[in-house]
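The values are calculated or read from the model by the stated rules, or taken from the named source; none is laboratory data. The model shown is predicted, which means the values in this text are computed figures rather than measured ones. Ideal geometry is used to build each Cβ from the backbone, glycine not excepted, and the neighbour counts take in all protein chains shown.
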């Protein structure tokens, strides 16, 4: 969770939870960054009552209001917010309907968003609050003053915001190893391996 709905409304009174969820998904997608604190991770748990995670030991470093990511279950993976903590049980917030069962290989990781990233999201919401009523208007005249508005087109926007407003994410972007073309691997003079496809040297194909 980037911001609570209550705090987000101080920047954009009309914002809804679905918009905040969309921004969070967009930011994680743009940066290819899950913002996981891998030092706060718990492996193996049981799902009870569709929204309770039962661990083998007390998840001591989690707090109410924390965002966590469930991974490795194939059926319950995703982002959730902690509503309550009791001994070895974590209760998730909202209308959650997880599949019940024991997930020995599943794990839970705490999500932490940096302060400057949160500040960037607050600026996005402030911009949206001011500009939503101007969508489709490129300029207007008030008395003798003419105001020109930034024209957001289909190729230059992210979730309805000008792409330039997302520049605060640049330093958090991570390499996406799952897509794109592979970078060449430096040749190892002590190896007789032959590099194939785009990783092969000497043919100029990068």
Exercise. Taking strands (runs of 3 or more DSSP E) that do not extend beyond the range 99-206, which have at least 1 residues that are at positive phi and modelled with pLDDT of 90 or more?
Worked result: 101-111
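Looking at this structure, is residue 61 farther than 24 Å from residue 167 by Cα and surrounded by 15 or more Cβ atoms within 10 Å (Cβ to Cβ)? So that I can check it myself, show each step before the final result.
Numbers: farther than 24 Å from residue 167 by Cα: yes; surrounded by 15 or more Cβ atoms within 10 Å (Cβ to Cβ): no.
Considered against the rule, which asks whether it is farther than 24 Å from residue 167 by Cα and surrounded by 15 or more Cβ atoms within 10 Å (Cβ to Cβ), residue 61 comes out as no.
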Problem set entry | Among (1) part of a loop (DSSP other than H, G, I, E, B); (2) touching a residue at least 12 places away in the same chain (Cβ under 8 Å), the one test that residue 60 misses | (2)
For this session: Determine whether residue 77 is exposed (fewer than 15 other Cβ atoms within 10 Å of the Cβ) and out of contact with any strand residue (DSSP E or B) (no Cβ under 8 Å at 6 or more places or on another chain).
Result: no
Exercise. Among the numbered criteria (1) under 30 Å from residue 122 (Cβ atoms); (2) out of contact with any strand residue (DSSP E or B) (no Cβ under 7 Å at 6 or more places or on another chain), which single criterion is violated by residue 51?
Worked result: (2)
For this session: Within the range 92-106, work out how many residues are touching a residue at least 60 places away in the same chain (Cβ under 8 Å) and surrounded by fewer than 17 Cβ atoms within 10 Å (Cβ to Cβ).
Result: 2
For this session: Take the range 22-50 and flag every residue that is in a strand (DSSP E or B), farther than 17 Å from residue 77 by Cβ and more than 18 Å from the chain's Cα centre (by Cα).
Result: 39, 48
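Residue-by-condition table, conditions (1) in contact with a helix residue (DSSP H, G or I) (Cβ under 7 Å, 6 or more places away or on another chain); (2) crowded, with 16+ Cβ neighbours inside 10 Å:
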position: 5; (1), (2): yes, no
position: 9; (1), (2): no, no
position: 32; (1), (2): no, no
position: 81; (1), (2): no, yes
position: 87; (1), (2): no, no
position: 90; (1), (2): no, yes
